[in-house]
Amino acid sequence: MTSPPPSSRVPARELIARVAEEFTELPSPAGRPGADGDGPLGWPGYGRARAAAAERSGESESVVCGTGRAGGTEAVLIAFEFSFLGGSIGEHTGDRIESAFTTARELSLPVVSLIATGGSRMQEGMRALVQLQRIARQAVLLRTAGLPHLSVLHGPVTGGGWAALGAGADVRLALPGAQIGFAGSRVRPAGADPDAYTAEGQLAAGHVDAVVPPAGLRAAVRRWLSMLTTPARGPAVPPHALGAPSEPGTGWEAVLRARAPDRPRAGTYLDSWFSERLELACTDPGIRCGFGRREGRSVAYVAQLGNATRPAGYRAAGRLLRLADRLSVPALTLVDTPGAANDAEAERDGVGAAISEVFGAVAASRIPVTTLLVGEGGSGGALALTAPGRTWAAPDSYYSVIAPELAVAILKRRPEEVRETADRLRLRPQDLVELGVARGIAAPAGVTR
């Protein structure tokens, strides 16, 4: 797919009006010496090009910045005007973006970036390119302040505009067919797959969180802003158990229950526990990450769906947990995996490092993380997502240092000793409580334990 033709690109102020019902433009920062001429490089004709761009677009620079209200959330908005020299980033652009981020920090507001840019402005050379460093620093300062950044990629979004601003946002939304990628259409290798540079291609690769049709953009921005700015107070209460109401009698019975195909999976728990959910990108189909609404407040979640978790799943989980921690949103993890993926592809993709990333995210978290074991708890692949001291187990779950069958193989025991080994591993929910691994066993709905 190619980027939309110029006639279909939405002007900055029109896009602002589509996502915010109120908008007050910020004053432009003071000009720079020589800004009205041919720029810092003395580029012939640059001054005339700027004047023509201003007349054509009605804007004095490639970004419009201000404060607005989207739904019930006030935010700072940064909107690129593509008809002003391709939305390119020059020194004045950097001035305005820095001022917008500074305003967001001073007023404790989230930032919404509405991006359409071809990258750095050629006529300002390196003075333009170093604006990416300024923008990156402002994004870091916003994160340090615990404020969210939502980017809307309406395209094209290429070069430093993608690398320094769009891709660095906490949540990344894109319009259908938008051209998104570090390499613009004129500098890509010959024969490059064009689909890799589209919103849909970036979604498939996990670099964009959602592709949103124009008609749904206002609602999507409002929902995300509300979700990211209204955290629940205190730790998440573990969900009620949705499967077997009583504990298993033996270790092997616990294993069979957890592996039963009709046992409630994490998706069922998510549907039951949350009234609304918004998900972040994850290319591992065995894991889901996002934010959900519980009793009117936001809780972050990571849910394993019963499969072996792949490196991409752990990386998505780490991203979610770090974001939740920065925004002071409590987190819920639903653990259900026979273990981490252990095939050659997983090793090449760095499964060990990805698991380490999640262990670190949980250990470093300043917000409360609550865990409910809803099925299989297989070794370190499950433990990485388990909160020390705040873990509960469903009656139809088990947790083990390793699956009983693999324990038999490692210990060189006979295959018929699997059931006995399951008992010796003390992997039942009630065993986990006695061992101090779990705080309790989740009660069925309507039952208090």
Around Leu114, which amide H atoms from residues at least 5 apart in sequence, or from another chain, sit under 5 Å from its own amide H, with H modelled in the peptide plane?
Ile78, Ala79, Phe80, Val152
Signed unit charges on C-beta, dipole axis of the chain, positive-most listed residue Ile78, Gly201, Pro214:
Ile78
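Please compute the contact order of the range 6-229 in relative form: average sequence separation of alpha-carbon pairs under 8 Å and at least six residues apart, divided by the residue count, as a percent.
Taking the mean separation of contacting Cα pairs over the length of the range 6-229, I get 17 percent.
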If a/c stays under 1.5 just call it rounded; otherwise compare a/b with b/c (prolate if a/b is bigger, oblate if not). Do that for the chain, with a ≥ b ≥ c from the square roots of the Cα gyration tensor eigenvalues.
prolate
5 Å is the cut-off here: which amide hydrogens, built 1.01 Å from N in the peptide plane, fall below it relative to Ala387, excluding neighbours closer than 5 in sequence?
Thr371
Hey, got the dipole for the chain? About the Cα centre, +1 on K and R Cβ, -1 on D and E Cβ, debye to the nearest 20?
500
Which order results if Trp252, Trp43, Trp392 are arranged by neighbouring Cβ count within 10 Å, fewest first?
Trp43, Trp252, Trp392
Using Cβ contacts closer than 10 Å as the measure, can you line up Asp195, Asp95, Asp38, Asp396 from fewest to most?
Asp195, Asp38, Asp95, Asp396
How far is the Cα center of the range 271-336 from the Cα center of the range 129-159, in Å?
24
Do you know the relative contact order of the chain, to the nearest whole percent, from alpha carbon pairs under 8 angstrom that are 6+ apart?
11
With the contact rule set at Cα under 8 Å and sequence spacing of 6 or more, what percent relative contact order holds for the range 137-228?
26
Listed peptides 48-61, 288-301 by packing density, highest first (mean Cβ within 10 Å):
288-301, 48-61
Ordered by residue, what ³J(HN,Hα) values in Hz, to whole numbers, does the range 115-127 give under the Karplus form 6.51 cos²θ - 1.76 cosθ + 1.60, where θ = phi - 60° and Gly and Pro are x?
10, 8, 8, x, x, 6, 7, 4, 5, 10, x, 5, 5
Segments 320-331, 81-92 sorted - mean Cβ within 10 Å per residue, highest first:
81-92, 320-331
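Values quoted throughout were computed directly from the atomic coordinates according to the rules given, and no laboratory measurement underlies them. Bear in mind the structure is a predicted one, so any value in this text is a computation, not a measurement. In this analysis, Cβ positions are derived from the backbone assuming ideal geometry, glycine residues included, and neighbour counts consider all displayed protein chains.
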